[in-house]
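Undergrad: Right, I'll just put the structure down here and ask away after.
The values are calculated or read from the model by the stated rules, or taken from the named source; none is laboratory data. None of the values given here were measured: they were computed from a predicted structure. Heads up, the Cβs are rebuilt from the backbone with ideal geometry, glycines too, and the neighbour counts pull from every protein chain shown. The protein model used for the area step is the full one, side chains on, heavy atoms only, and it has no ligands, DNA or RNA in it. Shrake-Rupley method; radii C 1.70, N 1.55, O 1.52, S 1.80 Å.
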Amino acid sequence: MTYCVGLKIDRGLVFMSDTRTNAGVDSISTFRKMHIWEEPGERVLVMLSAGNLATTQAVVSLLDERSKAPADRAPSILQTPSMYQTARLVGDTVKEVISSSAPAGQKADSFGASFILGGQIKGTEPRLFLIYPEGNFIETCEDTPFFQIGETKYGKPILVRAYEPSMSFAETAKLLMVSFDSTIRSNLSVGLPLDMLFYERDTWRVGYRKRIGQDDPYYREISDGWSHALKAAFQSLPDFQE
């Protein structure tokens, strides 16, 4: 299991993902789930992945391979004219990988993977998409400004209650850390370290990027502070009257 969030604010896009992959409680590994393609001054693309590890790695590897020699291995993720066309390319690649991975007679469900794709290509607006294992996708809108994949239920309430499009990157980082802390405390299959990235609109380059580990002082402060704040809020509520 995993947990990834892509969130759109007025200033740009914010991404966060965990790195835990497990095949049972005695087989836990760390794998990066945030993947970046960048042409400084022209485009920045960020993709978060969840699901079957072999499928997600094959999709990323195929997109990378085709970007190395685009003339010979078109289409290339570095040549798409818009974010919509980029989402279509990723969706087609997902379908290609899953259909070739599932042996005859075996359900493709076990090879499923989903992705959050966001970024900006020069001359267009920043956009954020959720790509399903079937290859189709949806885009954020005013009513749905963020996407989650993986273990989504524990971290969603804080996002729904506290998100504001005018948030700064610092406020968004705090919001996402609370969301991830709630998920990590509720599900052992999601864990540190976390990868975080900010993309500021119309810069066409990766902005702030950080890996957050167990010893990160700010994460520990947020985790402890959120626990204390919840207890204080609970205790301040009126008692039930019999």
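Undergrad: For helix 53-68, report the angle its Cα long axis makes with the longest principal axis of the Cα atoms of the chain; keep it between 0 and 90° and round to the nearest 10°.
TA: For helix 53-68, the angle is close to 50 degrees.
Undergrad: Arrange the residues Trp226, Trp204 by how much accessible surface each exposes, largest first, with a 1.4 angstrom probe.
TA: Trp226, Trp204
Undergrad: Could you report the chain's accessible area per residue, 1.4 Å probe, as an integer in Å²? Please list the in-between numbers first.
TA: Details: 12350 Å² over 242 residues.
Normalised by residue count, the accessible surface of the chain is 51 Å².
Undergrad: Oh, and also: Top mean-square fluctuation among Arg161, Arg11, Arg127, Gaussian network model of the chain, C-alpha springs under 10 Å?
TA: Checking each option, the largest mean-square fluctuation is seen for Arg161.
Undergrad: Moving to a separate point now. Which one, Phe234, Thr2, Cys141, projects farthest toward the positive side of the charge dipole computed for the chain from Cβ point charges (K/R +1, D/E -1)?
TA: The residue sitting farthest along the positive end of the dipole is Thr2.
Undergrad: Under a point spin-label approximation (7 Å from Cα along Cα-to-Cβ), what is the Asp202-Glu221 distance to one decimal in nm?
TA: Taking the two extended label points, one gets 3.2 nm.
Undergrad: For the pair Lys210 and Gln85, how long in nm is the line joining their label points, each one 7 Å along Cα→Cβ?
TA: Placing both labels 7 Å along Cα→Cβ, they lie 3.7 nm apart.
Undergrad: Run the dipole for the chain about the Cα centre, Lys and Arg Cβ at +1, Asp and Glu Cβ at -1, nothing else charged, and hand back the magnitude in debye, nearest 20.
TA: 380 debye
Undergrad: If you don't mind, there's one more thing I want to ask. Considering only Ser223, Leu128, Phe111, whose Cα is most displaced toward the positive end of the charge dipole of region 110-242, charges sitting on Cβ of Lys, Arg (+1) and Asp, Glu (-1)?
TA: Phe111
Undergrad: Output wanted: per-residue J couplings in Hz (rounded whole) for region 237-242, from phi through Karplus 6.51 cos²θ - 1.76 cosθ + 1.60, θ = phi - 60°, x for Gly and Pro.
TA: Whole-Hz 3J(HN,Hα) from phi for region 237-242: 6, x, 6, 5, 9, 6.
Undergrad: What part of the accessible area of the chain, given as a whole %, is carbon or sulfur when the probe is 1.4 angstrom?
TA: Solvent-exposed carbon and sulfur of the chain make up 52 percent of the total.
Undergrad: Would you grab the residues whose amide H sits under 5 Å from the one on Glu151? Only those 5+ places off in sequence or on another chain, please, with H modelled 1.01 Å from N.
TA: Thr2, Tyr3, Cys4
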